[in-house]
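The values are calculated or read from the model by the stated rules, or taken from the named source; none is laboratory data. Values in this document were obtained by computation on a predicted structure and should not be read as measured data. Every residue, glycine among them, receives a Cβ derived from its backbone with ideal geometry; neighbour counts consider all protein chains shown. We work out accessible area using only protein heavy atoms, side chains counted, and drop any ligands, DNA or RNA first. Shrake-Rupley method; radii C 1.70, N 1.55, O 1.52, S 1.80 Å.
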Amino acid sequence: MNGDIHNFFNIDGAIVSALSGILPAWALVIVAGLIGIIALLVFLVPSQLATIWIERKLIGRFQIRYGPNRVGLFGLLQPLADAVKIVGKESITPAGVDKWVFWLAPIVTFIPALLVYAVIPFGPNLILADLDIGILYLISISSLGVIPVFMAGWSSNNKYALLGAMRSVAQMVSYEIPLVLSIISVVMMTGSLKIGEMVSFQADNLWMFLLQPLALLIFFISASAELNRTPMDIVEGESEIIAGYHTEYSGFKFSMFYVAEYTNVLAVSAILSAVFFGGWLSAPILDLLPAWLWFIAKIYFFFCVFVWIRATLPRMRADQLMGLAWKFLLPLALVNILVTGIEVYMNLHPLLISFINIALAIGLVAGWSELIGNRAVRNERRQYIPVVPVVR
Amino acid sequence: MDTGTAIAFYILAGLTTISAIMVVSLRNIFHSVLFLVLSFAGIAGIYVTLNAEFVAAIQVLIYAGAIVVLMLFAMMLTTNAMTEGNPAGHLRPPAMLTAFLFFITVAYVGVVTPWQPRAASAPTDFSINGIADLLFNVYVLPFEISSVLLLVAMIGAIVLARD
């Protein structure tokens, strides 16, 4: 693949091998890492601007209005104008905040958001670190996401911010479990935690969304809960707790949270397309485009799906959200693991597995929701308690 | 140990030790928890330099993720911890004595132990498949027993909470 547009002419390898005579080995590692970070930023910074524009434009269309259309052609420069505006705003530090933690929280938010990109495969050789433990690394990094949210909520010295942080902790803890369990059934089929190998497994067999439709559904719901986006954004539900953990943040510090959210959405879209939708693999006909372009196109497609869901579904109540995780997603994920284990043990043909699993997914989702009715999302404690009439 | 590993080790060891000292010396319990996260992250980094990627990921997932979240829950549920922080205890002399005795024991063991790596029996397979083989084939009984123990503890906690 050397000297090919498919991996950008292997610039990274060329620079490192050119420097290998001059610098000691440990400095080469740092240089290679820096090149990787710069390459990521080359993807992420324009993507931030693009996704913000796409989201505002799409949401506008969903709500039967035009969306941004004043700044530049089709409002294309709106994200830039927003960025300039938000930097120019006053940076308020309210009285009684824990200054160090308050200032650190927006910066720390970026650490897990960026670390995730280390194992995302943009192409056959375009992966920063194809770790042996790939998907486990993703899970362990995503479990850190709750800490900056709690730092922000706690240090703000604001009741609503603290409520948002508490909700965030409860939500993350609940949704981590179905997320991990849904990934386990995928890993059982691929037999590897390496993301690169998971993609090449899909090249040899069917794409994973055909083999594991139920895992895809569970992963999608839990991941969008971890992202705190609208159907599940009880952490920052405007109608209940103002803006949750970032109530007290303004100006540049607020924009850090805003940008980190888009970074996370892009990362989850990338994981979805790598694990379930064949990663850099192309659709059967169009083989001409380079692999990384296919992957980025898939990322943007799933970003649009997230926007679609945000525009369509109303926000869930906090207790409904917990019920969905524990009473609906968790049992289904466990059944899926059991069935997948039997299928892998019997070494069935991929097409047969796909057929069984699609039937299973439809049957389980329909059957389980029929069986428990709306009990998963109903709050048992909010029953009407009749007032005992006073005896005259 | 080559230069790169040495540099990484000293940076990570310094980070871990300094944040561990901050954990026990700070008055504000929330700040202590944050430094604890940093300390755990440093330990995970040391595992990475030892080629133990799996242990590093588990270190971050369980300690920096789950244990810290547990501590945050405990803090939220105890109102005093939020308002008063970490008040000075009256058990300072016994605590100092215990810590000193522990230090003596560890230092003694550290000096006496012959630090020779056992080249013959040292594990060479750090891959996830090797670990899985050990966990689910060779040591499957201890593994299953410990998971049953955790399940029992969890059910016990739920029973206690419902009473």
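Look at residue A:311 and say whether it is of a type in the set (A, V, I, L, M) and surrounded by 16 or more Cβ atoms within 10 Å (Cβ to Cβ). No, not satisfied. Inspect segment A:301-310 for any residue being at pLDDT 85 or above and over 21 Å from residue A:228 (Cβ atoms) and give the result as yes or no. Looking through segment A:301-310, at least one residue is at pLDDT 85 or above and over 21 Å from residue A:228 (Cβ atoms).
Scanning segment B:46-59 for residues that are within 12 Å of chain A (Cβ to nearest Cβ) and part of a helix (DSSP H, G or I) yields B:47, B:48, B:49, B:53, B:54, B:55, B:56, B:57, B:58, B:59.
Among the residues of segment A:155-168, the ones that are open to solvent by 40 Å² or more (accessible area, probe 1.4 Å) and either within 12 Å of chain B (Cβ to nearest Cβ) or small (Gly, Ala, Ser) (or both) come to 6 in all. Taken over segment B:1-31, residues that are touching a residue at least 24 places away in the same chain (Cβ under 8 Å) and within 12 Å of another protein chain (Cβ to nearest Cβ) amount to 7. Being of a type in the set (Phe, Trp, Tyr) and open to solvent by 40 Å² or more (accessible area, probe 1.4 Å) is the filter here, so list the residues in segment A:246-276 that pass it. Once the filter is applied, which keeps residues that are of a type in the set (Phe, Trp, Tyr) and open to solvent by 40 Å² or more (accessible area, probe 1.4 Å), segment A:246-276 yields A:252, A:254, A:258.
Table: residues versus (1) touching a residue at least 40 places away in the same chain (Cβ under 8 Å); (2) over 25 Å from the mean Cα position of the chain (by Cα); (3) at positive phi.
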{"residue": "A:68", "(1), (2), (3)": "no, yes, no"}
{"residue": "A:74", "(1), (2), (3)": "no, yes, yes"}
{"residue": "A:107", "(1), (2), (3)": "yes, no, no"}
{"residue": "A:131", "(1), (2), (3)": "yes, no, no"}
{"residue": "A:144", "(1), (2), (3)": "no, no, no"}
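Modelled with pLDDT of 80 or more, farther than 22 Å from residue B:67 by Cα and in a helix (DSSP H, G or I): is that true of residue A:189 in this structure? Spelling it out, residue A:189 is indeed modelled with pLDDT of 80 or more, farther than 22 Å from residue B:67 by Cα and in a helix (DSSP H, G or I). Candidates are the residues of segment A:196-229 that are among the charged types (D, E, K, R) and open to solvent by less than 40 Å² (accessible area, probe 1.4 Å); the one that is nearest to the chain's Cα centre (by Cα) is A:226. The residue of segment B:64-81 that is farthest from residue A:132 (Cα to Cα), among those that are more than 10 Å from chain A (Cβ to nearest Cβ) and modelled with pLDDT of 80 or more, is B:71.
Run down A:377, A:388, A:335 and say which single residue is within 25 Å of residue A:181 (Cβ to Cβ) and at pLDDT below 85. Every option except A:377 fails the conditions.
Only one of the numbered conditions (1) outside any helix (DSSP H, G or I); (2) touching a Leu at 6+ places or on another chain (Cβ under 8 Å); (3) closer than 25 Å to residue A:141 by Cα is violated by residue A:222, and that is (1).
Contact map, segment A:7-29: first residue among the acidic types (Asp, Glu) and surrounded by 12 or more Cβ atoms within 10 Å (Cβ to Cβ), second residue at pLDDT 75 or above and in a helix (DSSP H, G or I), Cβ cut-off under 9 Å, separation 6 or more or different chains; pairs are A:12/A:32; A:12/A:35; A:12/A:36; A:12/A:39. The set of residues from segment A:327-368 being of a type in the set (Gly, Ala, Ser) and under 16 Å from residue A:208 (Cα atoms) comprises A:333, A:341, A:354, A:359, A:361. Reported count of residues in segment A:176-195, each being open to solvent by less than 10 Å² (accessible area, probe 1.4 Å) and within 14 Å of another protein chain (Cβ to nearest Cβ), is 2. For segment B:19-40, a residue qualifies if it is open to solvent by 50 Å² or more (accessible area, probe 1.4 Å) and under 28 Å from residue A:131 (Cβ atoms), and the qualifying residues are B:35, B:38.
To keep it simple, each residue is scored yes or no on (1) out of contact with any Cys (no Cβ under 9 Å at 6 or more places or on another chain); (2) at the interface with chain B (Cβ under 9 Å from one of its Cβ atoms); (3) open to solvent by less than 40 Å² (accessible area, probe 1.4 Å).
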site: A:86; (1), (2), (3): yes, no, yes
site: A:96; (1), (2), (3): yes, no, no
site: A:117; (1), (2), (3): yes, no, yes
site: A:120; (1), (2), (3): yes, no, yes
site: A:139; (1), (2), (3): yes, yes, yes
site: A:144; (1), (2), (3): yes, yes, yes
site: A:147; (1), (2), (3): yes, yes, yes
site: A:170; (1), (2), (3): yes, yes, yes
